[in-house]
Amino acid sequence: MSLRLILMRHAKSDWAEAALPDHDRPLNDRGRRNADAMGAWLSLKGIRPAHALLSTARRVTETWDGLSAHLGDVEMTRHEDLYLAAPEKILDRVGSEESRDLIVIGHNPGMGALAQYLVATTPDRAEFHRFPTCATLILDIPGDTWTALGPACGRVEHFVIPQDLGR
């Protein structure tokens with residue numbers, strides 16, 4: 001038995017309104033296109049998580065909106081503690097879940113650090129270490145409960161960035 005964990009950094013946000021609080025920043029046009037493209041790619045690959053865990057930030061919600069249009073009926077919950085969360089907080093949140101197939105959409109540096117912590121073999125790509133906007137890591141985790149999460153526990157199924165999709 002195994003679990004599937006998808007870690008995604010939100011798509012590119014808009015910095016046009018410098019006075020806007022960080023939490024309230026929307027996606028820019030490129031970010032909306034990238035979120036839509038990533039959702040289409042996930043659907044094409046038959047990857048449809050059962051549950052989505054989202055930060056409460058507007059850019060994360062808008063990233064989910066672009067993805068979810070392609071994924072069908074996925075349970076989604078927003079969590080304040082995932083906003084700019086450290087890897088340990090993300091692990092705590094995932095560890096409390098019952099679904100065997102999760103997507104977590106959040107922010108760097110937490111998402112990138114968690115990705116590096118969980119992979120058994122690091123993808124041979126410089127982008128993995130930067131974990132750019134809309135980067136998506138799909139991990140196969142051996143075991144049947146999220147207590148199996150730990151250092152180097154995950155096998156990389158895919159690591160994708162928008163540029164891989166022609167974006």
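In table form, for the structure just shown:
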item: Shape of region 96-167, Cα gyration tensor, a/c cut at 1.5; result: prolate
item: Computed magnitude of the charge dipole of region 11-137 (debye, nearest 20; Cβ of K, R +1, Cβ of D, E -1); result: 400
item: 222 nm mean residue ellipticity, helices alone, for the chain (DSSP H n ≥ 4; -39,500 (n - 2.57); rounded to 500); result: -9000 deg cm²/dmol
item: Contact order relative to length of the chain, as percent, for alpha carbon pairs under 8 angstrom and 6 or more apart; result: 32
item: Principal semi-axes in Å for the chain [√(5λ), Cα gyration tensor, largest first]; result: 23, 17, 16
item: Charge dipole magnitude, Cβ of K and R +1, D and E -1 - region 93-167, Cα centre, debye nearest 20; result: 260
item: Ranked 73, 144, criterion: other C-beta atoms within 10 Å, fewest first; result: 73, 144
item: Chain lengthening between residue 126 and residue 88 when straightened (0.36 nm per residue, less Cα-Cα); result: 11.3 nm
item: Region 63-144 shape via C-alpha gyration tensor axes, a/c threshold 1.5; result: rounded
item: Those trypsin sites (Lys or Arg not before Pro) in region 66-160 that DSSP places in a loop and that have at most 13 other beta carbons within 10 Å; result: 125
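We did not get these values from a lab; they are worked out from the coordinates using the rules stated. Predicted, not measured: the structure shown is a model, and the values here were computed from it. No Cβ is skipped: glycine too gets one built from the backbone with ideal geometry, and neighbour counts run over all protein chains shown.
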